[in-house]
1. Within segment A:207-237, work out how many residues are closer than 24 Å to A:Gly325 by Cα and touching a residue at least 60 places away in the same chain (Cβ under 8 Å).
2. Is it true that A:Glu480 is of a type in the set (Asp, Glu) and closer than 20 Å to A:Phe433 by Cβ?
3. At least 2 residues that are closer than 26 Å to A:Thr400 by Cα, free of Cβ contacts under 8 Å to residues at least 12 places away in the same chain and not assigned by TED's automatic domain parsing to the domain that holds A:Lys411 in each: list the helices (runs of 4 or more DSSP H) lying fully within segment A:449-537 that qualify.
4. Pick out the one residue from A:Leu415, A:Leu484 that is within 15 Å of RNA strand B (Cβ to nearest atom) and crowded, with 18+ Cβ neighbours inside 10 Å.
5. Output the number of the condition that A:Gly141 fails; it satisfies all remaining conditions of (1) near RNA strand B (Cβ under 9 Å from one of its atoms); (2) at pLDDT 95 or above.
6. Got a sec? Which of A:Ser467, A:Ser458, A:Ser424 is over 43 Å from the mean Cα position of the chain (by Cα), among the hydroxyl-bearing types (Ser, Thr, Tyr) and away from RNA strand B (no atom under 12 Å from the Cβ)?
7. What are the residue pairs meeting all of these: first residue in segment A:247-264, first residue farther than 12 Å from A:Gly325 by Cα, second residue among the basic types (Lys, Arg) and surrounded by 19 or more Cβ atoms within 10 Å (Cβ to Cβ), Cβ atoms under 8 Å, and 6 or more apart or on different chains?
8. Have a look at A:Leu39, A:Leu18, A:Leu35 and point out the one that is under 26 Å from A:Arg186 (Cα atoms), within 13 Å of RNA strand B (Cβ to nearest atom) and modelled with pLDDT of 95 or more.
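The values are calculated or read from the model by the stated rules, or taken from the named source; none is laboratory data. Quantities reported herein were computed from a predicted structural model and do not represent experimental measurements. Glycine also receives a Cβ, built like all others from the backbone with ideal geometry; neighbour counts cover every protein chain displayed.
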Amino acid sequence: MSPRIHSKIENTQVRVRLAPSPTGFLHIGTARVALFNFLFARKNNGKFILRIEDTDKERSKIEYENDILENLKWLGIEWDEGPVIGERSKYKGNYGPYRQSERSEIYRRYIKKLIEEDKAYYCFCTKEELEAQRQYLISIGQPPRYLGKCRGLDKKKVSQFLKEGRPAIIRFKTPAKKIVFVDIIRGKIEFDTSLIGDFSIAKDENSPLYNLAVVIDDFEMKISHVIRGEDHISNTPKQILLQQALGFPSPQWAHLPLILGPDRSKLSKRHGAVSVNQYKKDGYLPEALINIMAFLGWNPGTEREIYSMSSLIKDFSLERCQKGGAIFNIKRLNWINGFYIRQYPTQKLTELCLPYLEKSGLIEEVKNEKLEVKNPNKNTHPEELRLFKEEKRKFRIKDTNEIIDIDWITKIIALYQERLKKLSEITELVDFFFVDKIKLDKDLLRWKEMTDEEIKQSLDAIEKVLSGIEPSQFTKETIEKSILPVAEEIGDRGKLLWPFRAALSGKKASAGPFEIAAVLGKKKTIKRIKEAKEIFK
RNA sequence: GGCCCCAUCGUCUAAUGGCCAGGACAGCAGGCUUUCAAUCUGCUAAUAGGGGUUCGAUUCCCCUUGGGGCCGCCA
């Protein structure tokens with residue numbers, strides 16, 4: 001382990017940025033880079049800037065940009081400067097525009113300057129030529145790079161070619177030298193730029209390519225620290241070269257380890273879900289995602305595992321970042337997600353589960369037409385406001401047409417709160433509460449080696465006991481108090497309790513029979529017991 | 001192929017020269033339990049290999065091996 005280099009946070013303002021290109025949905029890796037930038041900014045009273053790198057017009061899509069913005073916000077990663085969600089050409093912050101596609105005026109100036117100062121030149125080589133050169137260099141064991149064929153083209157020829165409309169790009173005259181920079185996480189990193197070659201910096205005078213655009217924007221936006229993925233290490237010498245050519249100071253660098261798939265390669269689509277959106281849909285909570293992303297490559301140095309955003313801000317530091325890539329462990333995510341689900345107030349959790357129940361077709365919301373107030377405000381009449389607040393949300397059970405209110409659903413969610421790993425699982429866990437008839441068979445109702453006759457006797461006994469309970473007294477405690485002594489008499493409690501629970505839930509695994517019965521109510525409970533008995537006729 | 005980066009249990013990691021290499025997830029076993037979960041207890045499991053430096057190396061240096069990243073008119 002090399003000695004840690006401590007980043008000096010000078011009195012200059014800390015300004016960091018996330019620079020995603022909108023060519024796909026927000027990737028979990030991008031989100032983690034965003035998080036680390038965000039935490040670093042908050043920790044150091046700095047600003048977190050969001051810049052959209054949409055110079056690739058073919059691949060960039062507004063729908064992707066919206067997805068990136070919305071999901072960052074959902075995760076609680078808020079930017080101080082950057083685009084406004086859903087609104088083109090609108091920004092917060094004074095260094096905009098924050099979309100590269102809207103900054104061509106700025107780039108044009110610098111590209112012109114570079115050419116005028118003879119630090120960059122037009123290249124008319126064809127793709128075929130370039131590819132052949134590439135293959136050749138690899139075949140003789142050299143790094144593939146541009147060898148500088150067009151570098152010495154005289155000015156007359158260049159303007160002639162341009163007039164003829166020959167396709168051209170702009171390349172940087174890479175000076176051969178040693179570049180050494182200090183990475184906050186890794187320490188000293190050295191490169192020999194003679195191995196880089198004259199790399200491309202723009203498609204034309206108005207269209208910078210990645211390395212140039214980044215350098216210009218980071219300077220113009222006064223970025224103090226560039227915190228990004230390890231995959232950018234080899235871009236860093238190019239960017240330093242451009243900064244030197246343009247007379248820009250270099251920011252401080254920090255290259256984060258990558259998030260890896262189970263095969264230890266960079267996490268990508270072929271490994272499964274990689275978009276934040278997908279995790280959201282699956283029912284992972286932002287708290288859980290933040291917690292696990294933070295611990296991929298960082299740890300507080302204590303044995304504490306649970307961290308909220310605000311506690312992360314308190315304890316985060318780049319110096320405690322790991323150097324090696326980390327495999328994304330979905331089982332650990334499930335554990336953390338389950339933990340946060342258990343922490344939620346049940347009412348809140350119910351709200352989160354509702355969309356899944358509705359989407360599955362089990363229930364649908366019934367709007368109360370009597371209430372005009374949908375969005376109460378200051379002018380809302382107090383009486384209406386009271387009604388609005390107290391009126392319970394109502395739902396229709398689609399299978400039975402029965403109307404229920406949210407409190408009933410909350411009771412069900414309460415039973416499954418500690419069993420839930422991700423929200424999307426709620427449907428298959430609780431579906432039996434929302435159907436008229438459940439699927440039952442003899443083997444499901446059988447506990448161990450019980451005979452059919454024994455099962456029937458158990459069901460009879462259960463029905464008899466339950467029938468004796470007043471509907472208003474049909475609570476978990478009362479049911480339990482009535483059933484348990486009977487179960488004890490048999491000796492093996494399972495002989496009574498397993499068929500009881502199975503008859504109510506239709507499942508091998510579920511919450512306990514007493515609580516299910518209490519939620520179902522006396523009428524439905526007895527109906528289900530009777531239906532179970534039918535099987536043994 | 002070239003350059004660069006990295007290397008502690010299966011996984012995420014702690015231990016920045018000095019107590020049996022600690023914790024968490026997963027796995028396994030058990031307690032509680034009709035089931036599943038939750039919870040509690042316990043167990044399995046790691047310093048890639050080889051050289052140095054040192055009284056002493058997970059830790060510092062070198063080599064090997066292994067893994068990864070980048071080598072675009074993508075970002």
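1. Looking only at that region, the number is 6.
2. yes
3. Helices (runs of 4 or more DSSP H) meeting the threshold: A:522-534.
4. A:Leu415
5. For A:Gly141, the failing item is (2).
6. A:Ser467
7. Between residues of segment A:247-264 that are farther than 12 Å from A:Gly325 by Cα and residues that are among the basic types (Lys, Arg) and surrounded by 19 or more Cβ atoms within 10 Å (Cβ to Cβ), the close pairs are A:Ala254/A:Arg228.
8. Of A:Leu39, A:Leu18, A:Leu35, the one residue that is under 26 Å from A:Arg186 (Cα atoms), within 13 Å of RNA strand B (Cβ to nearest atom) and modelled with pLDDT of 95 or more is A:Leu18.
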